[in-house]
1. What full-extension length gain, to one decimal in nm, is calculated for Thr412 and Ala328 as 0.36 nm per residue of separation minus the Cα-Cα distance?
2. What list of ³J(HN,Hα) values in whole Hz, one per residue of the range 31-48 in order, does the Karplus curve 6.51 cos²θ - 1.76 cosθ + 1.60 (θ = phi - 60°) give from phi, with Gly and Pro shown as x?
3. For Thr104, what charge total do you get from the other residues with a beta carbon under 9 Å from its beta carbon, if Lys and Arg give +1 and Asp and Glu give -1?
4. I'd like the trypsin sites (Lys or Arg not before Pro) in the range 42-84 restricted to DSSP loop residues with at most 16 other Cβ atoms within 10 Å, sorted by number.
5. Let's test the formula: R0 of 45 Å, r as the Cβ-Cβ distance of Thr268 and Ala436. What FRET efficiency results, to the nearest 0.05?
6. Hey, if you drop one equal point scatterer on each alpha-carbon of the chain and run the Debye formula without solvent, what base-10 log of I(q)/I(0) do you get at q = 0.09 Å⁻¹?
7. For the pairs Lys78/Lys100; Lys50/Lys339; Lys184/Lys359; Lys322/Lys442; Lys16/Lys322; Lys272/Lys359, note any where the Cα-Cα span goes beyond 27 Å.
8. Compute a Gaussian network model of the chain, connecting alpha carbons closer than 10 Å, and tell me which residue from Lys186, Lys103, Lys359 fluctuates the most.
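The values are calculated or read from the model by the stated rules, or taken from the named source; none is laboratory data. The shown structure was predicted, so the numbers you read here are calculated from the model rather than taken from an experiment. As a convention, Cβ positions derive from the backbone with ideal geometry for all residues, glycine included, and neighbour counts pool all protein chains shown. SASA here: full protein model, heavy atoms, side chains in, ligands and nucleic acids out. Shrake-Rupley method; radii C 1.70, N 1.55, O 1.52, S 1.80 Å.
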Amino acid sequence: MKNDEISVEARYTQWKSLIPCLYDWLANHNLLWPSLSCRWGPLLEEATYKNRQRLYLSEQTDGSVPNTLVIANCEIVKPRIAAAEHISQFNEEARSPFVKKYKTIVHPGEVNRIRELPQNNNIVATHTDSPLLYIWDVETQPNRNAALGAHPSHPDLVLTGHQDNAEFALGMCPTEPFVLSGGKDKLVVLWSIQDHIATLAEAGSNSRQGSKHSGKAKESPSIGPRCIFQGHEDTVEDVQFCPSSAQEFCSVGDDSSLILWDARVGNTPAVKVEKAHVGDVHCVDWSPHDINFILTGSADNTVHMFDRRNLNSGGVGSPVHKFEGHDAAVLCVQWCPDKSSVFGSSAEDAFLNIWDIEKVGKASSSDSPKAQNHRPGLFFQHAGHRDKVVDFQWNSSDPWTIASVSDDCGSTGGGGTLQIWRMIDLLYRPEEEVLAELDKYKGHILGYVP
């Protein structure tokens with residue numbers, strides 16, 4: 001049965017009944033306002049049965065109260081601890097006891113995207129509906145009451161350089177304190193915040209001890225770009241640094257192109273794939289395991305995997321693999337930090353798909369309907385959301401754990417859903433290892449002792 005042949009509610013009810021079979025742990029957290037981004041922050045505490053970790057969210061309001069950047073503390077239950085009946089019994093309209101709001105920052109405009117600095121996860125960058133980018137030290141920012149009329153919090157740093165709104169494309173460099181952005185001006189803009197990181201904590205501390213951000217505090221410092229790159233012919237939708245180089249990065253956009261850049265050789269494309277997809281390209285991710293592989297997700301409902309060794313300066317190149325498992329535009333892609341062949345993709349069809357490249361080509365050659373509907377590489381579908389899954393992120397501190405958010409305005413008339421989940425390990429461990437374990441407990445499973 002295809003995804004569109006079953007109603008969202010019926011599909012969701014079926015999914016909920018299967019939670020004990022599919023998941024090791026799951027937390028469902030109702031959001032009063034949609035969050036367009038979710039990102040993991042630093043690990044705060046490790047205990048016997050669970051860890052405590054920061055999570056960054058946003059609140060995209062209707063204007064009756066200010067838009068906010070939310071810092072939450074999450075308790076993440078460790079593998080094989082949670083009871084099956086506990087993870088499947090939750091109220092969709094309730095907030096999870098595992099997610100507690102720690103701090104609220106009143107944001108100047110909607111928070112469209114959040115990205116954390118790998119060298120210091122307490123420092124995040126945000127995109128809004130403006131040409132400006134904001135840098136925040138979430139530890140030193142004061143906690144605010146997001147009441148109607150509240151003045152926006154003051155960013156620790158403002159990045160200038162875009163000529164038009166820069167709403168979504170935002171990346172942080174893994175090796176250097178560099179920030180990358182793309183916007184409606186068709187530009188890719190690079191900043192270095194190296195000189196400002198050391199002063200952020202001091203400036204934030206002084207601000208907290210002095211003004212309580214009444215709106216009369218001094219203006220936030222700003223810096224211009226290190227370099228501006230030109231090569232797109234429409235809005236830039238996403239950007240990503242090469243995991244091993246601060247000088248190499250890539251971008252995708254509404255011109256359907258994938259561009260690879262090298263800051264060492266100039267501000268024009270090093271390689272440009274003119275038609276990476278047949279529709280707008282919404283998202284891109286560069287493999288942290290093998291820097292030759294890049295994923296792109298598109299409005300054409302597909303995910304493409306490119307090998308940069310097969311691209312040339314003329315822009316000629318076709319994807320190594322095409323992954324077809326979504327029935328609507330793909331919004332987010334990310335490689336799994338725990339296994340080099342695995343990645344996730346989320347889409348407007350409310351699915352978050354988990355793929356394994358190693359499983360491509362291993363489909364049955366049978367002519368059965370089940371085999372014909374098989375989507376090569378797809379090995380898990382998270383169906384816990386009932387509307388478009390706008391963002392997700394693997395947790396690098398907690399293997400195989402994912403945070404995902406959906407904007408539920410289309411299905412429930414408002415709000416959103418945050419889910420933190422980890423599939424059962426029987427699904428991704430080596431087959432022989434799983435079979436050996438199941439054989440060990442065969443008597444218990446079948447209800448008898450041999």
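1. Fully extending the segment from Thr412 to Ala328 adds 28.4 nm.
2. Karplus-based 3J(HN,Hα) across the range 31-48 equals 10, 4, 10, x, 10, 8, 8, 9, 9, 6, x, x, 6, 9, 7, 10, 10, 5 Hz.
3. So the surrounding residues net to +2.
4. Arg80
5. 0.20
6. Debye output, listed in q order: -0.59.
7. From the list (Lys78/Lys100; Lys50/Lys339; Lys184/Lys359; Lys322/Lys442; Lys16/Lys322; Lys272/Lys359), the Cα-Cα distance tops 27 Å for Lys184/Lys359; Lys322/Lys442; Lys16/Lys322; Lys272/Lys359.
8. Lys359
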